[in-house]
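Undergrad: Could you have a look at this structure, given as structure tokens, before my questions?
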Amino acid sequence: MTAKRKLYAPPILIGLKGPHGCGKSTLARAIAQRYEGFVVYSFADDMRRQVTEYLAQQRLADPVVARYMHSVGSIFAHGVKDRVIPGIECTPRDLLIEIGEGQRKLDPDYWVDQMRERIAETHRHVIIDDVLFENEEQMIRGVNGMVFALETHEDVRIKAAKLVAFMTEVRDMRWI
């Protein structure tokens, strides 16, 4: 196991953008594990919290939702985000998009302002693993941060998605 390397510099802000499934979160977690002082944030963190609260309410109200939620573990795990939730008939990703777009219609910079406040409260290096919109990039660059675009070949993403789906099925059958 490799020891974490200490970084001695002013706080760093890195944004990662690219299509879902290209490894943004995986890369962000790897950096945070390897280098001391990094934390991984997502513009979608608050949206995930809101979806989780909504589904907790639905779980209490609907036994179909409760069984599904119990069977999948984390609704935000790779591969699970795109599965339709029985009883609600949409995916966790659909709910995240609905919340995000709804708030952006009211205030286009709402999520950017939330992230700016969150970054100001920490004194650590920050990696944002879900940069999607121009105003998010502008905020990161505006505070001397860097934005990196990740890409993967479509065949690689398809194979990775199939592997994740297979591993999810195996896990659901309690083989691992």
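The values are calculated or read from the model by the stated rules, or taken from the named source; none is laboratory data. Every value quoted in this text rests on a predicted model; they were computed, and no experiment measured them. Note that we place each Cβ from the backbone using ideal geometry, even for glycine, and neighbour counts take in every protein chain shown.
Undergrad: Could you name every one of the helices (runs of 4 or more DSSP H) located completely within the range 82-176 that has at least 3 residues being modelled with pLDDT under 90 and small (Gly, Ala, Ser)?
TA: The helices (runs of 4 or more DSSP H) meeting that bar are 154-172.
Undergrad: Shifting gears a bit: If the Cβ limit is 8 Å and pairs must be 6+ apart or interchain, which residue in the range 143-162 that is under 14 Å from residue 127 (Cβ atoms) and surrounded by 12 or more Cβ atoms within 10 Å (Cβ to Cβ) pairs with which residue that is small (Gly, Ala, Ser) and modelled with pLDDT under 70?
TA: Every condition considered, no pair remains.
Undergrad: Scan (1) over 15 Å from residue 128 (Cα atoms); (2) part of a helix (DSSP H, G or I) for the single condition residue 76 breaks and write down its number.
TA: Condition not satisfied by residue 76: (2).
Undergrad: Report, by residue number, each residue of the range 72-120 that is of a type outside the set (Asp, Glu) and within 17 Å of residue 137 (Cα to Cα).
TA: 100, 104, 108, 110, 111, 112, 114, 115, 116, 118, 119, 120
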